[in-house]
Amino acid sequence: MSSTLLISSRKDPAGTLIHQELCDLIKKQYDSHPDIKHLYSDERLIYLNGQDIPSDTDRILFLSRHSSEKPRQVLTVHVTGNFGSADYGGDPQTLTPADPFLMHALIKGLVRYAPPGYEVMYEATHHGPTNILIPSCFVEIGSTEKEWNDRVGAHAVAQASLEAIFAEKSTTIPLAGFGGTHYTQRQTEISKKTRGGFGHIMPTRDIRHLDERMFQEIITGSQAVAIYLDRKSLSGEEEQKILQYAKKIQIPVLGQHDLLRLKNLNFHEYLNIRNHAHNILADSTVIVHNLETCPHPTGISIPEDLIDEVMKNSPDEFLSELEKYSVVHLAGKGKACQAIFITEETCKDKVKQEITQLCITLLQSKFSCRLDSDSLVILKTRFDPVKAKNLGISPGPFFSELLAGNPVKTGDIIIYPDMVMTETEKRIKIV
């Protein structure tokens, strides 16, 4: 387990209250814990000299109040540093190492424990202290004296913090974020719903400070393996600037859908799959199903007309049933599902057989089908308006009745639905 230093300021009622609640929880659950250390500062936390903070632990969790010009009940998480000037402590244009794993666990925990009325939010990087040598982050309660002295809120923060300290970090995907406002709503939603955890988040207002050196510091300080862009908040010029820096150091750009789709798959394996998919079909979208591991991704082809037929007649059922199989399907070029799938090389034959059989089963539930040598023969019955007209039925209500499977009477003649149907045969070659 990583050792953690908890720091609060005696000048801060909120941080002091959270620290008290944490100590009570630790004493109740562990009596004491050697991997959790404590520091009570006489200085406001944002003005601490980072070099004076003990560095004999693995990470630091600052317990603090949150202030805002527009009061709101909020629980926030962020890392420290300044992209531009140092208006609230620390040094200008200086960032500290983030702990995106702890921050991600804090967001998840705060969502679970937040009292009614409280929002949970990442904040953009925006204040001191700086010159901290080890990963750290702030957890805060705000933004008025009412919240700073709210023991229920402080207890919720303490519960989330203690769980986060002991949380496993192996599944979190560390990210750096660009764009958005000070309260980074889109990044917060990503962390609530996915394995993506943010370190530094540079809001749109600070993109003017971004250069190649700062970009590299954001990536390094966040331990980021990918970046996220809040594209709606960025101008085209700002977006291209970030993408150029990302391309230069070959760090991938992920969207929210990427993070939602990769599920429990190893992140680097997901990137290999995504690259493999783009080599097969440029600009394709990758949708992961029940694929837990895929060290050797390989493509498998299903007859295109078989996939097209099942997607035309049973698209929802087909895509839903794919969740049972160790496979990735590709979307793009105007199709929700292409005929090429990706799976682990060692099980490609099994998966190919499973998907082919799934298609056949779904089509058999819709149509009369038979297997003929190496082909699936699909017999379709459709309403034939020419036959109906030849029997004296004009377009209108009688057409609708016959289409609904009901007989109609014209004069003394009863016309049954099977009298106005035509049977067609479609043959799909399968293996």
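The values are calculated or read from the model by the stated rules, or taken from the named source; none is laboratory data. Since this is a predicted model, take the numbers as computed values, not measurements. Because the Cβ atoms are built from the backbone with ideal geometry, glycine has one as well, and the counts that use them run over all protein chains shown. Accessible surface areas use protein heavy atoms only, side chains included; no ligands, DNA or RNA. Shrake-Rupley method; radii C 1.70, N 1.55, O 1.52, S 1.80 Å.
Report yes if some residue within the range 156-170 is under 25 Å from S233 (Cβ atoms) and either surrounded by 22 or more Cβ atoms within 10 Å (Cβ to Cβ) or among the polar types (S, T, N, Q) (or both); otherwise report no.
no
Note on the range 254-280: residues that are open to solvent by 30 Å² or more (accessible area, probe 1.4 Å), in contact (Cβ under 8 Å) with a residue 24 or more places away in the chain and under 13 Å from I340 (Cβ atoms) amount to 2.
Number of residues in the range 12-54 that are loosely packed, with under 13 Cβ neighbours inside 10 Å and outside any helix (DSSP H, G or I) equals 6.
Filtered by the rule that a residue be in contact (Cβ under 8 Å) with a residue 24 or more places away in the chain, in a loop (DSSP other than H, G, I, E, B) and not acidic (D, E), the range 196-253 gives P203, L210, Q223, A224, V225, L234, I251, P252.
One line per residue, one yes/no per condition, for (1) among the β-branched types (V, I, T); (2) touching a Gly at 6+ places or on another chain (Cβ under 8 Å); (3) open to solvent by less than 20 Å² (accessible area, probe 1.4 Å):
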position: V310; (1), (2), (3): yes, no, yes
position: D316; (1), (2), (3): no, no, no
position: L319; (1), (2), (3): no, no, no
position: F341; (1), (2), (3): no, yes, yes
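Out of I414, I360, I342, I need the residue that is within 25 Å of V286 (Cα to Cα), in contact with a Pro (Cβ under 8 Å, 6 or more places away or on another chain) and of a type outside the set (K, R). Which one? Walk me through it before giving the result.
Values: I414 fails: within 25 Å of V286 (Cα to Cα); I360 fails: in contact with a Pro (Cβ under 8 Å, 6 or more places away or on another chain).
On inspection, the qualifying residue turns out to be I342.
Number of residues in the range 280-312 that are under 19 Å from the mean Cα position of the chain (by Cα) and outside any loop (DSSP other than H, G, I, E, B) equals 4. Here S143 meets the list (1) at pLDDT 95 or above; (2) touching a Lys or Arg at 6+ places or on another chain (Cβ under 9 Å); (3) not aromatic (F, W, Y) almost entirely, failing just condition (1). Per the conditions (1) in contact with a Phe, Trp or Tyr (Cβ under 8 Å, 6 or more places away or on another chain); (2) of a type in the set (V, I, T); (3) touching a residue at least 60 places away in the same chain (Cβ under 8 Å), the sole criterion not satisfied by T356 is (1). Whether a residue is hydrophobic (A, V, I, L, M, F, W, C) and under 30 Å from K348 (Cα atoms) was assessed, and I249 does not pass this test. What tally of residues in the range 40-88 results from selecting those that are touching a Lys or Arg at 6+ places or on another chain (Cβ under 7 Å) and of a type in the set (F, W, Y)? So the count comes out to 1.
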